[in-house]
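Every read-out reported here was derived from the displayed coordinates using simple, explicitly stated rules and does not represent laboratory data. These numbers were taken from a predicted model, which means no experiment stands behind them. Here Cβ is always computed from backbone atoms with ideal geometry, including for glycine, and neighbour counts include all displayed protein chains.
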Amino acid sequence: MKILLTGGAGYIGSHTAIELKKAGHEIVIGDNFSNSKPDVLEKINQIVGQKIEFHEIDFTNQNDTLKLFEECHFDAVIHFAGLKAVGESCTMPIEYYKNNIDSTLNIVEAMKKYDVNNLVFSSSATVYGIPKKLPLKEGMPTSCTNPYGWTKLMNEQILTDVTRANPKFSVVLLRYFNPIGAHESGLIGEDPNGIPNNLMPYITKVAKGVLPELNVFGNDYPTKDGTGVRDYIHVVDLAKGHVDAIEYAEKHRGVEIFNLGTGVGYSVLDIVNTFSRVNNIKVPYRIAERRDGDVAECYADAGKAREVLNWSATKTLDDMCKDSWNFAKNN
Ligand code: NAD
Ligand code: UFG
């Protein structure tokens, strides 16, 4: 298939580009570099041994989006492009709704006009809100606590409605849990600007000595050691899930939702201790206040993806911690 990767220069998109090439697909990346850098493209080219077609484009621009579809004759789209910082979305809700909703509307409009019928969308476990029951299954109720989460839920609704109205359309909604890790080459990985919000990029900055210590947000949760529990998944496993998802979308019609997680929950201290052990490096930390909006525990039931897509995560927490550090120490 010839597949457009919106936001393909980003963390998950860049790893997915590599797995799609390995699986024999043709890919085209579109990105506006609002949260990535052009040198990622060079790294992708180096890993796949070929120059990948790239277009600098903002998908909130309707004309540019239509023009790209007119030129390129895609078979499918994987729509990663979006703003993703939960805290920032609370202070900049207009920018979040505009970017994350307008881009999706422009893409589905262009898909309809140019008869492109297969789409995979980057959704998030955040749409489950505060879990009432664990593990989380795709059919469980959804709700949101911040504008970022609402953009994911609204996009899920938009894509469901668009698919209902168009019998040719096929959409797979992927609800990611917590991607960490990096490509084994150490060439690409997660490299956020400024002080990271997420746990693993914060840990690697502490390990490098750029930040003095990790703040562990709360140790009084009803979890095994009192710290928050999440379903961390290696980004390469996640990327492989997209290959299965887009191939599934091509053969089916309608909307399907899949959790992409490992089904296993690890605490913040599990991550800190594993990272220190496998990389033989100290991560100083202190216990801090709980962070607003955090839930105690969140992990997937990954059974549906295993049964329907024949996908499951294979990499261990040791792999995730080693590969995160392998990338971070060189970048
Ligand atoms: P990322 O920020 O690294 O990648 C997103 C890419 O999209 C960036 O390269 C950015 O420049 C680009 N982009 C943003 N708006 C754009 C626009 N209007 N036009 C063109 N390009 C645009 O993020 P990521 O971690 O790779 O996440 C990819 C997707 O997965 C996002 O939609 C995110 O919300 C979702 N997601 C991420 C996580 C996570 O923890 N990383 C979890 C759940 C869901
Ligand atoms: N944490 C710390 N200290 C930090 C950062 C995080 O203790 O400096 C803790 C959090 O309290 C939480 C765990 O580490 O218990 C994971 O936090 P992250 O910020 O890494 O991830 P979240 O689970 O909060 O959220 C992430 C993405 C969301 C996405 C969600 C579910 O940031 O966009 O996973 O996919 F919606």
Shape category assigned to segment 152-268 from the gyration tensor of Cα positions, a/c cut at 1.5: prolate
Other-chain or far-sequence residues with amide H under 5 Å of I257's (modelled H): L173
Unit Cα scatterers, Debye sum, segment 203-311: log10 I(q)/I(0) for q = 0.15 Å⁻¹: -0.78
In segment 238-299, the trypsin sites (Lys or Arg not before Pro) that fall in loop regions by DSSP, at most 16 other Cβ within 10 Å: R253, K282, R290, R291
Residues whose placed amide H lies under 5 Å from that of L136, excluding near-sequence neighbours: Y299, A300, D301
Angle between the chain longest axis and helix 268-279 axis [Cα atoms, degrees, rounded to 10]: 90 degrees
Convex hull (Cα only) mean projected area of segment 1-144, reported in nm² to one decimal: 9.7 nm²
Cα-based helix-to-principal-axis angle, 62-72 vs the chain, degrees rounded to 10: 70 degrees
Among 165-171, 144-150, 259-265, the order from most to least packed when residues are scored by Cβ within 10 Å on average: 259-265, 144-150, 165-171
Rg/Rg_ref, segment 7-72, where Rg_ref = 2.2 N^0.38 Å and atoms are Cα: 1.09
Viscosity 1.567 mPa s, 4 °C: Kirkwood-radius Stokes-Einstein D of the chain over Cα pairs, µm²/s: 65 µm²/s
Residue-wise HN-Hα coupling along segment 93-107, computed from phi with Karplus coefficients 6.51, -1.76, 1.60 (Hz; x: Gly, Pro): x, 4, 4, 5, 5, 4, 5, 7, 8, 4, 4, 5, 4, 5, 5
Note, ³J(HN,Hα) from phi for segment 288-301, Karplus 6.51, -1.76, 1.60, rounded to Hz, x at Gly and Pro: 10, 4, 4, 8, 3, x, 6, 9, 5, 9, 7, 8, 8, 8
Long-range amide H partners of I233 with built H, under 5 Å: N178, I180
In order through segment 14-26: 3J(HN,Hα) via Karplus (6.51 cos²θ - 1.76 cosθ + 1.60), integer Hz, x for Gly, Pro: 5, 5, 5, 3, 5, 5, 5, 4, 4, 7, x, 8, 8
Computed [θ] at 222 nm, deg cm²/dmol, the chain (DSSP H ≥ 4; -39,500 (n - 2.57); rounded to nearest 500): -11500 deg cm²/dmol
DSSP bridge orientation in the chain - percent antiparallel, rounded to nearest 5: 5 percent
Segment 54-107: proportion of alpha-carbon pairs further apart than 16 angstrom, %: 45 percent
For peptides 266-274, 31-39, 116-124, 45-53, sequence by mean Cβ density within 10 Å, most packed first: 116-124, 266-274, 31-39, 45-53
